[in-house]
Amino acid sequence: MKSEKLKGICKKIWFYVRYFVSLHRFVPYRGTLTLKRKIEDMFDKDTYIRRRAELKRLVGEGVIVLFGNNEAPCNYPANAYAPMRQDSSFLYYFGQHRDGLVGVIDIDNDEEWLFGDDIDVEDIVWMGFTPTVSDLAAEVGISKTAPLAQLSSVCRNAIATHRTVHFLPPYRHDTKIQIMDLLGIHPSKQKEAASLQLIKAVVKMRATKEPQEIAAIDRACDVGYAMHTTAQLLVKPGVTERFIGGQVDGIARSLANGTSFATIFSQHGEIMHGNPSAAKLEDGRLVLCDAGCELEDYCSDHTRTMPVNGKFTQRQREIYSIVEACHDYVLEVAKPGVKYMDVHFAVCRMMTERLKELGLMKGDTDEAVRQGAHAMFLPHGLGHMMGMDVHDMEGLGQIYVGFDDETRPNLEQFGTNCLRMGRRLEEGFVVTDEPGIYFIPALIDEWKASGHCKEFLCFDKIETYKDFGGIRIEDDVLITKDGCRFLGSKRIPYHPQELEEFMAHNAG
């Protein structure tokens, strides 16, 4: 009986994947290149030439050094995490996915270099043919190349002539060691020593997405549709979180480069990063799926929350409808010139009003939000920038990515300190819209014991929701000339009746 049931599930997955693949164009591998390099992973040569020219104009002087990533060992040197993930800013300006590369832009002398070592025959035996560094450079409009060992002379010369060497904040330890060897800056000092001029220039350029980038994100969101609807197809009592999480990851690996972050799939939706466990889905509970893919170097990021048995209880529907309303409200108000921080707090006020109707909150709405009482239920921000990174450019410093001189973060107040995006929206920005309501037992206990925000929180009623879990609904939003739109050609079911009907249609 179990065998027949499993066969039925597998048959559904296979049918769904074949159907999805039939709707999309997949570009073949080019010649005998290694499997790591597919033609759809790069834009045309002129794109990278234009981007580097604009970067030179914005930074103004000195030498820019952009480090590509190396392979990262998993549990021993030859067993690396796969596939290798290139640094996003290196990709943005130099376009190549191979490990062991460094891009240099000498602004003062108007020279551009790609540093790296050609691989030898022993590597070719294991990895297949890979183009030379000079061939890689030519593909993105660079004529000057040199072995990696010669990079030190470029840096020494810049330092000797009192020119600025611009680099971005490193996040990998091997890159930190490389910077220490090249520039003599200890890893503990490198974040502060990173070039603010370069950070601001990169943020300015990468924040506004070009039409070809938007098209890539649209395609990534279409894979996201397949990932999440596959999960909705499989959700039912008795199936393990791990099984469905694995199927979601498999879709990302089959139709894209892989996941854009570790998939969250859990009946404990109140845990922000609840990875799939071996627990079986239980009748009457909710399960939250937060997952995305990387395709052509760009990300998707969606969240859906589902009733395990396919039907919301009255209490679940009441909370869900609040999150649904907050999620949809963003489409009405997000547009160029509006601060995303203002959208966030408008959503918080809407949520507070609706929670008051259910007897979970009380008092003056504006004052409750000012004092952060809503963060009992929404301890994170409304959304974040998205693009080549799922939290786009977060490694460059959130204060430069999500904020600016006009809009500053509030790092003191619980909940508000997790707001990643507050600045005014501009045409071409891509942000996530992800409100949620969570009942976190430990947080409830702590706030109740201390009396925190007791004038706004109905703790006796909140206590009865400790077994509820959490709900989040998330989509990716493009800011357009006059407003905004969701990305992707299809909307993953999320309106309650639509979701129940979809799950019922695919049940059995």
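The values are calculated or read from the model by the stated rules, or taken from the named source; none is laboratory data. The model shown is predicted, which means the values in this text are computed figures rather than measured ones. Glycine also receives a Cβ, built like all others from the backbone with ideal geometry; neighbour counts cover every protein chain displayed. Keep in mind that these areas ignore ligands, DNA and RNA; they rest on the heavy atoms of the full protein, side chains included. Shrake-Rupley method; radii C 1.70, N 1.55, O 1.52, S 1.80 Å.
Projecting label points 7 angstrom from Cα along Cα→Cβ for GLU353 and GLU61 puts them 5.4 nm apart. Working note: Debye formula, equal point scatterers on the alpha-carbon atoms of the chain, no solvent; log10 I(q)/I(0) at q = 0.05, 0.13 Å⁻¹ is -0.22, -1.29. Listed by chain and number, the aspartates and glutamates placed with their C-alpha closer than 20 angstrom to that of LYS280 are GLU4, GLU241, ASP249, GLU270, ASP290, ASP467; residues fewer than eight positions away on the same chain are left out. For the pair TRP126 and LYS311, label points projected 7 Å from Cα toward Cβ lie 5.7 nm apart. When you restrict to C-alpha pairs under 8 Å that are six or more residues apart and normalise by the size of region 245-397, the relative contact order lands at 18 percent. For region 210-326, the relative contact order is 29 percent, taking Cα pairs closer than 8 Å that sit 6 or more residues apart in sequence and dividing their mean separation by the residue count. Look at the alpha carbon pairs under 8 Å that are at least 6 residues apart: their mean separation over the length of the chain gives a relative contact order of 13 percent.
Excluding ligands, DNA and RNA, the accessible surface per residue across region 358-450 is 36 Å² with a 1.4 Å probe.
Just the accessible area per residue of region 240-325, please: how many Å² with a 1.4 Å probe?
So region 240-325 comes to 34 Å² accessible per residue, rounded to a whole number.
Region 309-340 and region 97-114 have Cα centres lying 46 Å from one another.
Of interest is the spacing of the C-alpha centroids, which for region 439-508 and region 371-411 amounts to 19 Å.
Estimated from helical segments only, the mean residue ellipticity of the chain at 222 nm is -12500 deg cm²/dmol, where each DSSP H run of four or more residues counts as -39500 (n - 2.57). Distances between every pair of Cα atoms in region 51-137, grouped in 5 Å steps from 0 to the bin holding the largest one, split as 3, 13, 21, 22, 17, 11, 7, 5, 2 percent.
A simple packing score, the average count of other Cβ atoms within 10 Å per residue, orders the peptides 396-403, 498-505, 384-391 as 384-391, 396-403, 498-505, with the highest score first.
For the residue pairs LYS45/LYS176; LYS362/LYS448; LYS191/LYS335; LYS45/LYS144, the alpha carbons lie more than 23 Å apart in LYS45/LYS176; LYS191/LYS335. Full extension of the chain between LYS191 and SER134 yields a length gain of 17.4 nm, computed as 0.36 nm times the residue separation minus the alpha carbon distance. Taking amide H as placed 1.01 Å from N in the peptide plane, the amide H of ASP118 sits under 5 Å from that of VAL133, each at least 5 places away or on another chain. Think of the chain as a dipole: +1 on every Lys or Arg Cβ, -1 on every Asp or Glu Cβ, centred on the Cα centre; then among HIS327, HIS173, THR145, HIS327 lies furthest on the positive end. With R₀ fixed at 22 Å, the C-beta to C-beta distance from SER254 to LYS490 puts the FRET efficiency at about 0.80.
Ordered by 1.4 Å accessible area with all protein chains kept, GLU474, GLU394 run largest first as GLU394, GLU474. Surface composition of the chain: carbon and sulfur make up 54 percent of the accessible area, probe 1.4 Å.
Spin-label pair GLU394-LYS481: with each label point 7 Å from Cα along the Cα-Cβ axis, the two points sit 3.4 nm from one another.
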